[in-house]
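Remarks on the structure that follows.
The values are calculated or read from the model by the stated rules, or taken from the named source; none is laboratory data. Keep in mind the model is a prediction, meaning the values are calculated, not measured. We work out accessible area using only protein heavy atoms, side chains counted, and drop any ligands, DNA or RNA first. Shrake-Rupley method; radii C 1.70, N 1.55, O 1.52, S 1.80 Å.
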Amino acid sequence: QVQLVESGGGLVQPGGSLRLSCATSGSIFSIDAMGWYRQAPGKQRELVAAITSGGSTNYADSVKGRFTISRDNVKNTVYLQMNSLKPEDTAVYYCKAVADRLAYWGQGTQVTVSS
């Protein structure tokens, strides 16, 4: 099993930056890929960014050029650097890990972009 704990959310003004962290524990060596998803009120959860065990990344079109996903294999942590934040980025952000064809989710962290 894999446990995920997100942190780093909060309130930020439009144009500002935040960095989300997802600390992993448990059977981390079985993790194939990790990603960040978000869910705004009344909307479906959507993929924001993902990174494979080999380091390949992909992003939603809405965040390309503004968000960067990365991983620190020593700290067993995945990050989402979010720059030039917009009000439409407001959502609960969830970390997801795929290990042995099973999906694991964190508890989510709220990001609010507002002046």
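Let me check something: with ligands and nucleic acids excluded, how do 68, 77 order by accessible area (1.4 Å probe), largest to smallest?
Per-residue accessible area, sorted high to low, gives 68, 77.
Rank 105, 36 by accessible area, highest first, at a 1.4 Å probe radius?
105, 36
Heavy atoms only, probe 1.4 Å: what % of the accessible area of the chain goes to carbon and sulfur, would you let me know?
48 percent
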